[in-house]
1. Tell me whether the range B:61-69 contains one or more residues that are surrounded by fewer than 20 Cβ atoms within 10 Å (Cβ to Cβ), touching a strand residue (DSSP E or B) at 6+ places or on another chain (Cβ under 7 Å) and more than 9 Å from chain A (Cβ to nearest Cβ).
2. What number of residues in the range B:54-79 are on the phi < 0 side of the Ramachandran plot and outside any helix (DSSP H, G or I)?
3. Would you mind telling me which numbered condition in (1) surrounded by 21 or more Cβ atoms within 10 Å (Cβ to Cβ); (2) over 27 Å from A:Glu116 (Cα atoms); (3) within 14 Å of chain B (Cβ to nearest Cβ) A:Ser341 fails?
4. State whether the residues of the range B:26-40 include one that is free of Cβ contacts under 8 Å to residues at least 60 places away in the same chain and on the phi > 0 side of the Ramachandran plot.
5. Checking A:Ile348 against (1) under 22 Å from the mean Cα position of the chain (by Cα); (2) more than 14 Å from every other protein chain (Cβ to nearest Cβ); (3) crowded, with 21+ Cβ neighbours inside 10 Å; (4) among the β-branched types (Val, Ile, Thr), which test does it fail?
6. Within the range A:238-270, track down each residue that is closer than 20 Å to B:Glu85 by Cβ and hydrophobic (A, V, I, L, M, F, W, C).
7. Suppose we keep only residues that are part of a strand (DSSP E or B) and of a type in the set (A, V, I, L, M, F, W, C) within the range A:159-184. Which one would you say is nearest to the other protein chains (Cβ to nearest Cβ)?
8. Quick one: count up the residues across the range A:157-177 that are in contact with a Pro (Cβ under 9 Å, 6 or more places away or on another chain), more than 19 Å from A:Gly315 (Cα to Cα) and either buried (at least 24 other Cβ atoms within 10 Å of the Cβ) or not hydroxyl-bearing (Ser, Thr, Tyr) (or both).
Amino acid sequence: MKTYAEINEKIKQGKAVVFTAEEIIDVVKEKGYAAAAREVDVVTTATFGPMCSSGAFLNFGHSDPPIRMAKVWLNDVPAYAGIAAVDAYIGATELSETKGMSYGGAHVIEALVRGERVELKATSYGTDCYPRKEIRTFAGLNDINQAYLFNPRNVYQNYSVAVNTSNRTIYTYMGALLPNLGNATYSTAGELSPLLNDPYYRTIGIGTRIFLGGGTGYVAWEGTQHNPNQNRDINGIPIASAGTLALIGDLKQMKREFLRAAIFDRYGVTMYVGVGIPIPILDEEMLKQTAVSNRDIKATIFDYSVPKRSKPNFGQVSYAELRSGAITINGKEVPTAPLSSLNQARKIAQILKEWISVGQFSLTEPVQSLPAESKVKPLEIREQEV
Amino acid sequence: MAKKKVVLTFPPELTETPLTYHLVKDFDLAINILKAKITPGEEGKLVVELSNGAEEKILAGIDFLKKQGVFVEPVSKEILLDEGECIHCGSCTAVCHPKALSITPPDWKLNFDKDLCIVCESCVKACPMQIIKVSF
């Protein structure tokens, strides 16, 4: 048994033993669970995938004379300004009013992170205290006050494998799905993915310090649609999308390498977000969770050609099978393709490992655990309020 | 001797018609098939080099194909990938039939094998980073 304080003391002294969630699998093979649990202090996990539910709060500072911005556009992308005078939220998936699907909120965020100034336009009705009714200027991260990512739903604990049984190509947030089971796409880092290594949210909770977009961030809350009640395998790992995290972090620290605007053809704009989460090896049980491998993690294959809330499924496959390049569905060999970047996720896990190894990143005990019970409610269409 | 490389796209109803036979028999052309993907009942693609005749014969052969409903394009195009901007997500591999684009262990980096590419351009739109282009 180790405590957070003991692990942090070792980190401070530069003596912490850290492995990534991929490396730990071989460590366990060599040493066994008990010895590995004694020797290893931290396992780093990571993911780099498209996460639509992302965006940034910005505070632009006050002009003279000042304006209570009622409508805000950044490079022609609307930002939500229904909060205080010069605060706004730019959502990753918001589309440009002039360029449509080829430019969106994620591109604005990426431009800011790249150090560019973006065109800020705002209108207002004017008040006695905020007389200005219009403003147009250019602003970058160095010009404005706070700029922080606040992503309501990131780091999905597992996700669907998407296929298409119809006879036409369909264009989805899981990429282009070819007709007649022409391909299957999936989007997690598998054995390296954060919440698959802590399936019951024992160490990842509110307040957990993380790597976010190249800088330091925190778990702010449970993510939207957090679904711990999802069906689980005998090893405790959910077999479809389950837990989620709401993340927060200083945009000014972030790097374009780990925060990239993306376009899914005929679907829309989204953002690839790089997230790394350290898991303290408090005991052998925690070590066992982090040593899970792609063979033991299953995902459910859903038919995206059925545009319904509840899609028919073809059962489960393991990430080892998905990573092999093809799976078999109804006797047909279907080529598989990832959408999230394992290559980038590995980079993030290594960077976080390095930060911890040199003593510049310490671990935090959750101030509150994520809900272990909660259901995702559907939206019913009602004719009236009663 | 004239030579011409072309990409032939067959609509599903033509994939069972022996068009290349007519090119040989009626237009006296030599046909070197460079890449082919033909499945009866689906859209087919054939990249061929036509030679063995005078320029007019090749053009007449191409004209014949067009009249049959085949879409004919020159193979001067190629796919260009801006590797420095690639995040190695693998999205483009999902739509690459000839597997010219692949993402495999151990490093899970995107690999592009130009020789396998039939310039179908599916990857251009499938790339979430918009970093795959067609050159003319």
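The values are calculated or read from the model by the stated rules, or taken from the named source; none is laboratory data. Treat the numbers as computed from the prediction; the structure is a model and nothing was measured. As a convention, Cβ positions derive from the backbone with ideal geometry for all residues, glycine included, and neighbour counts pool all protein chains shown.
1. Yes: the range B:61-69 contains one or more residues that are surrounded by fewer than 20 Cβ atoms within 10 Å (Cβ to Cβ), touching a strand residue (DSSP E or B) at 6+ places or on another chain (Cβ under 7 Å) and more than 9 Å from chain A (Cβ to nearest Cβ).
2. 11
3. (2)
4. Restricting attention to the range B:26-40, the residues satisfying the condition of being free of Cβ contacts under 8 Å to residues at least 60 places away in the same chain are B:26-34, B:36, B:38-40.
In the following step, the residues that additionally are on the phi > 0 side of the Ramachandran plot were identified as B:28.
Yes, there is a match, as at least one residue in the range B:26-40 is free of Cβ contacts under 8 Å to residues at least 60 places away in the same chain and on the phi > 0 side of the Ramachandran plot.
5. The number of the failed condition is (2).
6. Here is the first cut: in the range A:238-270, the ones closer than 20 Å to B:Glu85 by Cβ are A:254-265, A:269-270.
Residues satisfying the conditions are A:Met254, A:Phe258, A:Leu259, A:Ala261, A:Ala262, A:Ile263, A:Phe264, A:Val269.
7. Going through the qualifying residues, I end up with A:Ala176.
8. Qualifying residue count, the range A:157-177: 4.
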